[in-house]
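Report on the structure given below.
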Amino acid sequence: AFYDSRPVPHGEVRMVMYESKSMGVTRWIWIYTPPNYDRTSERYPVLYLLHGNGEAQNGWVMNGRANIILDNLIADHKAQPMIAVMPPGHALQGANVGPLVRIAGESGMFSPRFPKELLEEVIPMVERDYRVIADADHRAIAGLSMGGGQALSIGPGHPDLFHYVLGFSAAVGGQMLNLDDVLQPLIANPAAANAKFKLVWVSCEKQDFLHAASQQLVETLTKSGIRHTFRETEGAHVWSVWRNNLNDASP
């Protein structure tokens with residue numbers, strides 16, 4: 001399958017420990033570098049890839065096989081070599097660096113500190129330490145479920161940083177993120193949004209409990225004249241779906 005390892009050049013997944021000023025704890029970030037990264041001086045586009053609720057930064061590799069999917073796409077010349085950055089989305093101390101620390105005042109799924117950490121700490125750290133092309137044309141943000149909600153709430157409000165915004169089974173609507181808040185940066189000026197964003201991607205499966213919210217999101221995008229891609233297939237809120245999403249969207 002497209003997510004199984006093949007005898008092709010493999011990238012590396014690097015575990016990077018950092019002191020989060022936003023969270024006040026030590027955390028891990030996992031970073032995929034494409035094949036031959038250390039043998040070239042090239043700069044690469046970067047994908048910020050966000051995990052779902054109840055998982056950690058390792059979810060996209062351990063369950064999603066994101067590194068294998070990207071290895072195969074790159075080997076088949078279907079996707080550009082890229083760096084994929086997988087930060088922790090919950091307000092917690094990183095596992096295996098000390099006692100579990102829960103950040104005071106953090107009780108909901110979506111940490112209000114996460115966007116600040118991503119924008120003010122993670123992205124500058126990546127651009128300092130890795131050879132990425134540091135402009136919005138070469139920077140994407142994507143995620144599944146909770147991470148999809150984070151991507152759709154952060155990306156549209158920062159067109160100077162991201163020109164690719166992707167939500168896979170995004171946790172929006174209902175008891176999740178408010179749809180109006182998510183969509184406001186886009187629908188406030190559709191012409192400007194269409195000029196800025198190269199890809200606004202929404203995907204959700206018909207048996208997913210978030211399907212109705214995704215449909216509502218897409219209907220609003222359509223009515224507002226926002227150019228977007230919507231993928232709807234069979235499936236539930238499961239990893240087999242999100243592997244397909246990453247495989248379809250990465251090119």
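The values are calculated or read from the model by the stated rules, or taken from the named source; none is laboratory data. Owing to the predicted nature of the structure, the values given are computational and were not obtained by experimental measurement. Every residue, glycine as well, gets a Cβ built from its backbone with ideal geometry; the counts of neighbours run over all protein chains shown. Calculation scope for accessible area: heavy atoms of the full protein, side chains included, ligands and nucleic acids excluded. Shrake-Rupley method; radii C 1.70, N 1.55, O 1.52, S 1.80 Å.
With Rh defined as the Kirkwood radius, the inverse of the mean 1/r over Cα pairs, the Rg/Rh of the range 180-219 is 1.04. Taken about its Cα centre, the chain carries a charge dipole of roughly 160 debye when the Cβ of each Lys and Arg holds +1 and the Cβ of each Asp and Glu holds -1.
Amide H contacts of Y44: V132, I133, each under 5 Å away and 5 or more positions distant or on a separate chain (H built 1.01 Å from N in the peptide plane; Pro and chain starts excluded). With θ taken as phi - 60° and the Karplus curve 6.51 cos²θ - 1.76 cosθ + 1.60 applied, the whole-hertz 3J(HN,Hα) list for the range 38-55 is 7, 9, 10, 10, 5, 9, 10, x, 10, 10, 8, 10, 9, 8, x, 5, x, 10 Hz, x standing for glycine and proline. Cross-link reach is defined here as a Cα-Cα straight distance under 30 Å, omitting same-chain residues fewer than 8 places apart; for K116 the lysines meeting it are K21, K196, K198. The amide H of L177, built 1.01 Å from its N in the peptide plane, has V172 as neighbours under 5 Å, considering only residues 5 or more places off or on other chains.
Accessible surface calculations at 1.4 Å, restricted to protein heavy atoms, place the range 107-215 at 40 Å² per residue. Set against the labelled values (1) 16.3; (2) 14.6; (3) 13.1, mean projected area of the Cα convex hull in nm² computed from this structure falls on (3). Roughly to the nearest percent, how much of the accessible area of the chain is carbon and sulfur, given a 1.4 Å probe? For the chain, the apolar C and S fraction of the accessible surface comes to 50 percent. Positive contributions from Lys and Arg (+1) and negative ones from Asp and Glu (-1), summed over other residues with Cβ under 15 Å from the Cβ of A136, come out at 0. Near P124, once Lys and Arg are set to +1 and Asp and Glu to -1 for all other residues with Cβ below 13 Å from its Cβ, the sum equals -1. Of the residues V16, V132, ranked by 1.4 Å probe accessible area with the largest first, the sequence reads V16, V132. For A79, nonlocal amide neighbours, meaning residues 5 or more places apart or on other chains whose placed amide H falls under 5 Å from its own, are I74. Bridge orientation summary for the chain: considering DSSP beta bridges with both residues in this region, about 35 percent are antiparallel. In the assembled protein chains, T233 presents an accessible area of approximately 70 Å² (probe radius 1.4 Å). When the GluC sites (Glu not before Pro) in the range 180-251 are filtered for DSSP coil states and for at most 15 other beta-carbon atoms within 10 Å of their beta-carbon, the remaining sites are E234.
Measuring nothing but how far apart in sequence close Cα pairs (under 8 Å, 6+ apart) lie, relative to its length, the range 7-118 scores a relative contact order of 32 percent.
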